[in-house]
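Presented below is the structure to which this report refers.
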Amino acid sequence: MHNLNSKYEETLDKNFDRALELCSNSYSYGDLIGFLKSGNIAEKQYAALEISELRTQEDAEIFLSNLINCDGKIREATAQKFLEFVKNKIYCGYFSKFPVILAKSTIDINANISRMVIDGLYYLKGNEEFADKYVKIILRFIDEAFQGLDKIVYKDKKYTINKQIFKLYWCLEGLNNFCDYVCADKLRVILGRAIDLSEYTVREKAAQLIMKNSSNQKFKYLVDRVTADENYYVRLCISQ
């Protein structure tokens, strides 16, 4: 254990020293893309925060790939810059080619990352090709979450339950921008299951989507469920 701790502390020291070095110098656009492509933690995090443009779709993919399968500090820095970049129509067009990365980062274990990515996806909701692909992936994640919850037995650890609830919560939040791309019958089934869960935060997300579809008579029984919910924040969705 002592050896593991020593190695961890040594890595932290190296990253800190490298971060100081990075902040003390200036780097070209090519250098920053290079850091994003194959740098260490400090270099990737620095480049994600420092880069001010994306010149090609290939560069956009290198940048965006740092939203997944990376250290949390890198993912969060990338999400922050994504939220800034996606407001640019050219960059938005680049990002629309990568629905898999953006769907996976929608359910990041770090809620700050999920929130920034979902806020940025607002600017992509008008792109039908992207929306269709993104929604298919999110619906698959939702099915997986329900299947995971169905398999859980009493002796399972609370972490296992919370992991599926967390996944479902952010998937429903992700659908907020794209519910028009979901088949009404499929959406009704999903929301019917979600509004029955004991976790009120998931019921609240379900309620928001239910109320978006309240004019559809097929959703009337779900609207009634929201109205009768025991939780104040779930019922509050009726007036929002």
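Key figures for this structure:
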| item | result |
| --- | --- |
| Accessible surface of segment 63-148, 1.4 Å probe, proportion on carbon and sulfur as whole % | 50 percent |
| Order of exposure, largest accessible area first, which applies to I165, I41 with probe 1.4 Å | I41, I165 |
| Calculated [θ] (222 nm, deg cm²/dmol) that DSSP helices of n ≥ 4 give over the chain, each run adding -39,500 (n - 2.57) | -22000 deg cm²/dmol |
| Solvent-accessible heavy-atom area per residue, rounded to whole Å², over the chain at 1.4 Å | 55 Å² |
| K133 accessible area, assembled protein chains, probe 1.4 Å, Å² | 100 Å² |
| In degrees, nearest ten, helix 128-151 long axis to first principal axis of the chain (Cα) | 70 degrees |
| Which listed pairs, of K73/K125; K89/K167; K136/K220; K89/K125; K104/K136, have C-alpha distances above 18 Å, in listed order | K73/K125; K89/K167; K136/K220 |
| Length-normalised contact order for the chain - Cα pairs under 8 Å, 6+ apart - percent | 11 percent |
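The values are calculated or read from the model by the stated rules, or taken from the named source; none is laboratory data. It should be emphasised that the depicted structure is a prediction, and the values quoted were computed from it without experimental measurement. Surface areas here come from the heavy atoms of the whole protein model, side chains and all, with no ligands, DNA or RNA. Shrake-Rupley method; radii C 1.70, N 1.55, O 1.52, S 1.80 Å.
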